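The values are calculated or read from the model by the stated rules, or taken from the named source; none is laboratory data. Please read these numbers as outputs of a predicted model, since none were measured by experiment. Note: ideal-geometry Cβ built from the backbone for every residue, glycine included; neighbour counts use all protein chains shown.
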Amino acid sequence: MFVQDRVPPKPQIQNHTTNNKLPISFSRFADAKSLGFFTWVCENLYKIITFLVLISGVVGVFYLMNFTSDTAALLCLQSTQSHSLHPSKPIQIEYNKIAWNPDKSSVYSSFRSDQWIVVSVSDYPSKELTKLSKIKAWQLLAVGNSRTPKDWSLKGTIFLSLELQVELGYRVVDYLPYDSYIRKNVGYLFAIQHGAKKVFDIDDRGEIIDDDIGKHFDVELVGEGARQEVILQYTHEDPNRTVVNPYVHFGQRSVWPRGLPLENVGQIEHEQYYTEVFGGKQFIQQGISNGLPDVDSVFYFTRKAELEAFDIKFDERAPKVALPQGIMVPVNSFNTIFHATAFWGLMLPVSVSSMASDVLRGYWAQRILWELGGYVVVYPPTINRHDRVEAYPFAEEKDLHVNVGRLIKFLIDWRSSKHRLFEKILELSYAMAEEGFWTEKDVKFTAAWLQDLLSVGYQQPRLMSLELDLRRATIGDGDKKEFVPQKLPSVHLGVEEIGTVNYEIGNLIRWRKHFGNVVMIMFCSGPVERTALEWRLLYGRIFKTVIILSKEKNENLAVEAGQLEHIYKYLPKILQRYSSADGFIFLQDDTVLNYWNLFQADKSKLWITNKVTKSWTTVSVGGNSEWFSKQAEMVKKVVSTMPVHFQVNYKAAVKNDQSLTICNSEVFYVPRHYVSDFIDLVSLVGDLDIHHKVAIPMFFMAMDSLDNFDPVLDSMVYKRKPPSSNVTTFYSAEAAAVHPWSVSTEQEFIKLTRLMAVGDPLLLELV
């Protein structure tokens, strides 16, 4: 019982008028006693002080109740009276002395079932609950509270009323609130006591898709019914990432689950790659809910019209995904399966708000699960959960939003030297109370919970070595697995979604405005009948137009003829055709241009890869092949005919007459005011057989000083040969361009587009 709940004994009042046995004596100075104000105050000082203290206490309580925006201050006052925030000392349990306590009192004492559905009920059975009661091979268990109708009943369902809960004799009952779903703790123990091997934790508004739990979850982890398969897993390569939003993986990146730190809400990028893990230890399985997913009050209040029900859909074809040690995910009590190895993790804490209880449980359980070598897996939609358009109590979540980020960091850093699972659990519970995540009440509650587990026949799982402290293996290309999530329509309204879409469209508008008068000239070595339209679709959104050149002309696709060895000779006609353009960017189809990284570049300057060493090289003519000598001789001939300003620039860049500068020239940019210079330089070449790789760097060094070139292409990812396997890991959305890259089919184009969507998310609308 809390201190404030205790009733103080009534004071005994002596009746002097009737107690004649007490001697009554009068001082001879009594009649002369002064009754002046000063004397009266002195004699009654202690009474006055006591009275003032009582008055100030009452005033303080009324102030807290009437002048604060919620009852948090009053609850704080009550909590300091009822229990200490920080535990006084760790609790010691003699586990070996806890006797098995079978159910002998209830009418269900002889009933056994391997698979249980546990739900809290506060009203008469819903239609969803009626359907749950008919799921084959699963026993529905309904746990009542003080709001549950006394005559609650549902055919085929075991109902634990408040009276029956007390009769079961569990230690945890003494700590449970009367009007909360947290009383499900009793239901968990009851299910374990009656043979449970799996517990499906759900609420009364969840409707199993196709009425088949085993179709969606891994109900069997061992034996004949087990799926012997590897599971996609988030990568642990980034040591700073500690939590993920699983909704992104399942196609809804603008939705976030309750319990995700608000500072992580904006992390909407999909995974660059995943790894894999062998199945069999996914002892906690979190399902995704269509309709009304598990979202917090911030999302609920800001992303919908006042009377509109959510109906959010997730990608049912997306693969399930596991969490490695060191990365966590919000886990709830609405749509989660616990296997026997993780039954200890069913405990819902009691000293925090009801909206925070299952979230704290989820993070707490994930950390302990690592000690068993287990992990959490998130599954594609398993239930439809109907939105009843009820208000979400934001005040109930405030402690969650404030503390959850700190809690995750604390749990990942926490270590224990204990050698038994329950000792580790109790030690962590104590440490969490010390850190203020819950109070001493939950330390005592954890101790009661562990004792109850043993008394109902649960056996502690064996510990495994913790992988967090081991050196993480390098993730090789062969270990990286790709999956690009869909971007499903977000039918919900909402400030954030509109803001996100506006941000993406705003970017597209800014890029288009910036490059909308720049012409792209692209040379395609691949089959234009398969790629020409795709290239125009990709880059035509950004640039004024996309001119495509290839070895052979194709009028139907508007592809012009040109030879790559002398492609510069074909450019003057195009430059003159678009005389009002701001500039021209040349690109070969074996190079990917990340246009979003060009926004800060100076469009009035020349761009080329002069700082990309594998693209721009200087070779000595002496000792090299005859081809280099011939190219060098032709360059000298052209330079000798150049006007003075071209010659000065060129000779300032090339110090040695016996050297030849070569640039592969996969990408370069010529601004409007250099177009006439470029055309003049091409005319100086005339019929000379100077190769494209030699002519372009010669032109650029003649047009301006190397120091004046814009460095935007310096960040280009450049390799002479593509990786032998898993080429997608070679791509970087942060680089200005990526070379080499091969696109010869529609499938390869789709693959590239999905990768580029990291920088331009609206590209996903094209595939």
Could you give me the residue pairs with C-beta distances under 8 Å whose first residue belongs to the range 554-571 and is in the same structural domain as Leu587 (by TED's automatic domain parsing), whose second residue is surrounded by 15 or more Cβ atoms within 10 Å (Cβ to Cβ) and polar (S, T, N, Q) wherever it lies, and which are 6+ apart or on separate chains? Val559/Ser550; Glu560/Ser550; Ala561/Ser550; Gly562/Ser550; Leu564/Gln588
Of the candidates Val638, Val694, the one satisfying the condition of being in contact with a strand residue (DSSP E or B) (Cβ under 8 Å, 6 or more places away or on another chain) and surrounded by 14 or more Cβ atoms within 10 Å (Cβ to Cβ) is Val694
Just wondering, is there one or more residues in the range 652-672 that are farther than 18 Å from Asn597 by Cα, without any contact (Cβ under 8 Å) to a residue 24 or more places away in the chain and part of a helix (DSSP H, G or I)? no
Report yes if some residue within the range 211-231 is in the same structural domain as Thr130 (by TED's automatic domain parsing), outside any loop (DSSP other than H, G, I, E, B) and buried (at least 22 other Cβ atoms within 10 Å of the Cβ); otherwise report no. yes
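Name every residue in the range 684-705 that is in a loop (DSSP other than H, G, I, E, B) and either touching a Phe, Trp or Tyr at 6+ places or on another chain (Cβ under 6 Å) or at negative phi (or both), in order of residue number. I'd like the intermediate steps shown before the answer.
So in the range 684-705, the residues in a loop (DSSP other than H, G, I, E, B) come out as 686-691, 704-705.
Hits for the range 684-705 are Asp687, Leu688, Asp689, Ile690, His691, Asp704, Ser705.
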Looking at Tyr503, is it modelled with pLDDT of 85 or more, part of a helix (DSSP H, G or I) and of a type in the set (Ser, Thr, Tyr)? no
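Yes/no per residue for (1) under 20 Å from Gln486 (Cα atoms); (2) surrounded by 23 or more Cβ atoms within 10 Å (Cβ to Cβ); (3) under 22 Å from the mean Cα position of the chain (by Cα):
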| site | (1), (2), (3) |
| --- | --- |
| Ala309 | no, no, no |
| Arg317 | yes, no, yes |
| Ile327 | no, no, yes |
| Asn332 | no, no, yes |
| Asn335 | no, yes, yes |
| Thr341 | no, no, no |
| Val350 | no, yes, no |
Selection count where residues are of a type in the set (Ser, Thr, Tyr), within 24 Å of Ile679 (Cβ to Cβ) and part of a helix (DSSP H, G or I), scope the range 615-650: 2
Enumerate the pairs (first residue in the range 731-754 and among the polar types (S, T, N, Q); second residue anywhere and modelled with pLDDT of 90 or more and not in a loop (DSSP other than H, G, I, E, B)) with beta-carbon separation below 6 Å, excluding pairs fewer than 6 apart on the same chain, so at least 6 apart or on different chains. Ser732/Val717
Given (1) part of a loop (DSSP other than H, G, I, E, B); (2) at pLDDT 95 or above, index of the condition Phe338 fails: (1)
Would you please name the residue that is farthest from Asp211 (Cα to Cα), looking only at residues in the range 129-167 that are crowded, with 20+ Cβ neighbours inside 10 Å and touching an Asp or Glu at 6+ places or on another chain (Cβ under 7 Å)? Asn145
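Considering only the range 586-594, I want to know if a residue exists there that is in the same structural domain as Thr745 (by TED's automatic domain parsing) and surrounded by fewer than 17 Cβ atoms within 10 Å (Cβ to Cβ). I'd like the intermediate steps shown before the answer.
To start, the set of residues in the range 586-594 that are in the same structural domain as Thr745 (by TED's automatic domain parsing) comprises 586-594.
Subsequent filtering for residues that are surrounded by fewer than 17 Cβ atoms within 10 Å (Cβ to Cβ) retains none.
Checked against the condition, which is being in the same structural domain as Thr745 (by TED's automatic domain parsing) and surrounded by fewer than 17 Cβ atoms within 10 Å (Cβ to Cβ), the range 586-594 yields no hits at all.
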Name the residue that is modelled with the lowest pLDDT, counting only residues in the range 96-117 that are among the hydrophobic types (A, V, I, L, M, F, W, C) and within 43 Å of the chain's Cα centre (by Cα). Trp100
Condition first: of a type outside the set (Gly, Ala, Ser), surrounded by fewer than 18 Cβ atoms within 10 Å (Cβ to Cβ), at pLDDT 90 or above and part of a loop (DSSP other than H, G, I, E, B). Can you find one or more residues in the range 239-247 that meet it? yes
Quick one: count up the residues across the range 531-546 that are closer than 14 Å to Ser744 by Cα and of a type in the set (S, T, N, Q). 1
